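This report refers to the structure that appears directly beneath it.
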Amino acid sequence: MAKVLVCVAWPYANAAIHLGHVAGSLLPPDIFSKYHRLIGNEVLMVSGSDQHGTPITVKADKEGVTPEAIADRYHEINKKAIEGLDIEFSLFTKTHTPNHIEVVDDVFLTLKDKGYLYKKGTQQYYCPKCEKFLPDRYVEGICPACGNEKARGDQCEKCGKTFEGGELTSAVCLHCSTAPEMRETEHYFLKLSAFHQPLIDWISGKENWKSSVKLFTRNWLEAGLQDRPITRDMSWGVPVPLPGWEGKVIYVWFEAVIGYLSASKEWAKKIGRPEEWKAYWQDPEVRSYYFLGKDNIPFHTIIWPAMLMGYGGLNLPYDVPANEFLTFKGDKLSKSRGNSIDIPSMLQRFEVDAIRYYVAANMPENKDADFSWSDFETKVNNELVATLGNFYHRVLSFTYKHFGTVPEYKGSDDDRKEVFDAIEAAAKQVASDLEACEFKRALKGIMDLAQYGNRYFDGVGPWALIKKDRDACGSALNLNLEIVKALAVMSYPFMPRSAKGAWKLLGQEGDLEATGWKAIAAPLSGGQKLQEPKPLFSKIAAEKEDAGSAFSGFSALNLKVGQITEAGNHPNADSLLLMQVDIGKKVQIVAGLKAYYSPDELKGRKVVVVSNLKPAKLRGYESQGMLLAAEAGELVTLLSPPEDAAPGDAVNSGMVPGEKQIEFKDFQKLTLRVGTVVGKGKVDVGREIRYTGPEVAEGTRIAVFLPSPEASEGLAFFTEKGAPVVGDQRLPGGATVR
RNA sequence: AGCGGGGUGGGGUAGCCAGGACAUCCCGUCGGGCUCAUAACCCGGAGACCGGUCGUUCAAAUCGACCCCCCGCUACCA
């Protein structure tokens, strides 16, 4: 009997958790903990909602409510979702509690007393009317360098100059338009540099860590550790526990990780033994596991350990089995991208065990795994329902129908040994995989045993045997029921609901969790009454993927004819040009064309512009679009709109132009090519394909959109007037457009 | 461009760190069996020379070099 501390990354309380959280950090520790409880270990598993930080205040501002209201709202939603998933925490708390604040204060003050924190002053804008320090983005003024009237506190968007505090002329607070004053503000810094060597030494002993986690950490350490500020001028968070520091809070990244400790203490108080947390944190024999997604690695392998070292007397992480990401159609699942598959709605539509099974079977343990509805449906229906569910049901229902109780075993010892050996081998493998946090492999071991069961059942043929030899049939069924029981116990960490269901149908005494893993080897007592079986899983019908029309990707773009009115060198970059372009309205565009065009050549030239790209700053200057150019090796040339095109004309190829802003990286995923027209409706883009668009003379280079790189059909770029976009005659077929 | 991860039968994957005899499993597919079971189960077949090239070795999917492609983060990518 041992104790195990299981720490789970804290979901951020500004949205409902989605499948990515479940796959990355929530389900693995639950499987792990359930297994440890089955083998009789005591597990303390803690987590909670991370409630502080700017994104929550932003959301609160938008909705006109307090940050606490937002944070508590999502805490409740997520807490419920987690319970709905049958994930059992010893305590799932939140960071905005008196207990957490008290523990954070203690850690902060202890580190400070030990000399690991120091303060450093900086000049910052302060608004006397709002009575607070202003983040740089809330300050606007005139840029002393270029006269731009809307320069931000830290940087001028127009000329790219960056400022130290106070350089802006006529600065105003964006909230109340008052002129801010400069005030000295101080912040505490964590002396991470002091832990550089101790961390390197500590990491080097971690042979059991996943190689990706270790490598990532080592690279971080090799890059050197910078001291980091751990306080901010802000009101939502854990207040800095020092007189004179009102209005400042402790940075979330510093404070949230302390949650593991504060939650342990809160749990101890709640069970009425306030010192009990020490058994998990101070006994060096107790292993602590931290489950999280890969984006969270440095906080748990560098910062948190550094804090623990500094604090002293508490166990450092034993293992950090970080998972990769679960992706959706190749994109990271995230709240911001809007493709989240949130748990509350999944739970409404599917059985918990189906979700748990799929996530475990498709867990991104070593590399990103992709989620798709069709894969979800196949795995659940063909593996979980057909293999495991069917085995449970055929054995239980047949036995129930013909015997009603567990039949006595009257067969030979050899037959019995064969089955028990198979069970034991499976149990041993599953156990060692679970201990090593190899969840996918463990689950496979279970499914293999289910398949063995199906094979065994088939081999015996009870439906025929029952007519010839009732005792022999009963004996065979007895062994099949042993397999059912073993499967129930072994699958419990993964699918607790159906496991307990099978346990009950078997007529087992006591509950599964209490009886534990050892029930696998304990023979069933003949004569125990079976319950009327019902299928434990049912098939699902998942969503249909929307196919989308062939050229739908093109309509994400909003292309316009533009005319360059001004062009000049970017003052602050080697390869960039800065241009003003008329696309019906004036926009500023930065392009990496210096090596190919001089500003004079460009002035007055007509170009094709992607007008709905999300603006981005390039070396300090905002670029509000991009010019389309074709690229073939060293040759880079701009695409030309037709002669008669006027600035602002749409280049929509007969489709509805996209209105939404698109990300640069999404633009990059589109396949745009230049090809040589070789005949009617045919174009050579490195190979010959058909294209849709106006008729063009042979030999002309035209720009083409391809639905995929291998597509056999493309869409030519043409304007609303029906004239094509052409490329330089020197271009070879297949040149890339960017 | 830099850093990290990955490229294994139609799709998805295991194996790679500690090289070795017919390359794993799931889905799909083809053929057969069974009828207890949620058109479920069982058996058998076809199908990959393990991204490419060159090396190390008696032996490489597994080690090394170079190259190509994909994904993530970062960037003077637009």
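The values are calculated or read from the model by the stated rules, or taken from the named source; none is laboratory data. Worth saying up front: this structure is predicted, and the values here are computed from it rather than measured. As a convention, Cβ positions derive from the backbone with ideal geometry for all residues, glycine included, and neighbour counts pool all protein chains shown. Accessible surface areas use protein heavy atoms only, side chains included; no ligands, DNA or RNA. Shrake-Rupley method; radii C 1.70, N 1.55, O 1.52, S 1.80 Å.
If you take the beta carbon distance between A:LEU215 and A:ALA616 as r and set R0 to 35 Å, what does 1/(1 + (r/R0)^6) give as a FRET efficiency, to the nearest 0.05?
With a Förster radius of 35 Å, E is 0.70.
Given a 1.4 Å probe and every protein chain left where it sits, what share in percent of the accessible area of chain A is carbon and sulfur? Provide the component values of the computation, followed by the final result.
Details: 15630 of 32190 Å².
It is 49 percent, rounded to a whole number.
Taking A:LYS80 as the anchor, which lysines have their alpha carbon closer than 18 Å to its alpha carbon, excluding any fewer than eight residues away along the same chain?
Straight-distance partners of A:LYS80: A:LYS94.
Would you work out the relative contact order for chain A, in percent, from Cα pairs under 8 angstrom that are 6 or more residues apart? Each step should come with its number before you reach the end.
Working: 1454 pairs, mean separation 79.2, N = 738.
This gives 11 percent for chain A.
With a Förster radius of 30 Å, plug the Cβ-Cβ distance of A:ASP370 and A:GLU184 into 1/(1 + (r/R0)^6) and report the FRET value to the nearest 0.05.
After rounding, the FRET efficiency stands at 0.05.
Mind checking which lysines have their C-alpha under 17 Å from A:LYS214, skipping anything on the same chain fewer than 8 residues away?
Straight-line reach from A:LYS214, under 17 Å: A:LYS206, A:LYS294, A:LYS367.
Modelling each spin label as a point 7 Å along the Cα-to-Cβ direction, I'd like the A:GLU207/A:TRP245 distance in nm, to one decimal.
4.2 nm
If the label point is 7 Å along Cα→Cβ of A:GLU509, which residues in the stretch A:517-542 have backbone nitrogen under 18 Å from it?
The answer is A:517-531, whose backbone nitrogens lie closer than 18 Å to the label point.
If the chain between A:LYS294 and A:GLU88 were fully stretched, how many nm would it gain, using 0.36 nm times the residue separation less the Cα-Cα distance?
The A:LYS294-A:GLU88 span can extend by a further 71.9 nm.
Measure nothing fancy, just the Cα-based angle from helix A:390-402's long axis to the longest principal axis of chain A, in degrees from 0 to 90, nearest 10.
30 degrees
Per-residue counts of other Cβ atoms within 10 Å, averaged by peptide: what ranking do you get for A:86-92, A:422-428, highest first?
The packing order, highest mean first, is A:86-92, A:422-428.
Do any of A:LYS606/A:LYS680; A:LYS428/A:LYS500; A:LYS586/A:LYS614; A:LYS3/A:LYS428; A:LYS59/A:LYS120 go past 24 Å between their Cα atoms, and which?
Flagged as over cut-off: A:LYS606/A:LYS680; A:LYS59/A:LYS120.
Treating each Cα of chain A as an identical point scatterer and ignoring solvent, apply the Debye formula and state log10 I(q)/I(0) at q = 0.07, 0.08, 0.09 Å⁻¹.
Once normalised to I(0) and log-transformed, intensities are -0.69, -0.86, -1.01.
Which value, in Å², gives the accessible area per residue of chain A when a 1.4 Å probe is used on the protein heavy atoms?
44 Å²
What distance in nm separates the simple spin-label points at A:LYS539 and A:GLU102, each placed 7 Å from Cα in the Cβ direction?
5.7 nm
Once every DSSP H run of n ≥ 4 in chain A is given -39500 (n - 2.57) and the sum is divided by its residues, what mean residue ellipticity at 222 nm do you get, rounded to the nearest 500 deg cm²/dmol?
Mean residue ellipticity at 222 nm (helix-derived): -10000 deg cm²/dmol.
Using alpha carbons only, how many angstrom separate the centre of the stretch A:491-513 from the centre of the stretch A:191-263?
Between the Cα centre of the stretch A:491-513 and that of the stretch A:191-263, the gap is 42 Å.
At a Förster radius of 56 Å, what calculated FRET efficiency corresponds to the Cβ-Cβ distance of A:GLU566 and A:GLU285, to the nearest 0.05?
The pair A:GLU566/A:GLU285 has a calculated efficiency of 0.20.
With a 1.4 Å probe and all protein chains kept in place, how much accessible area does A:GLU566 have, in Å² rounded to the nearest 10?
Spelled out: A:GLU566, probe radius 1.4 Å, area about 110 Å².
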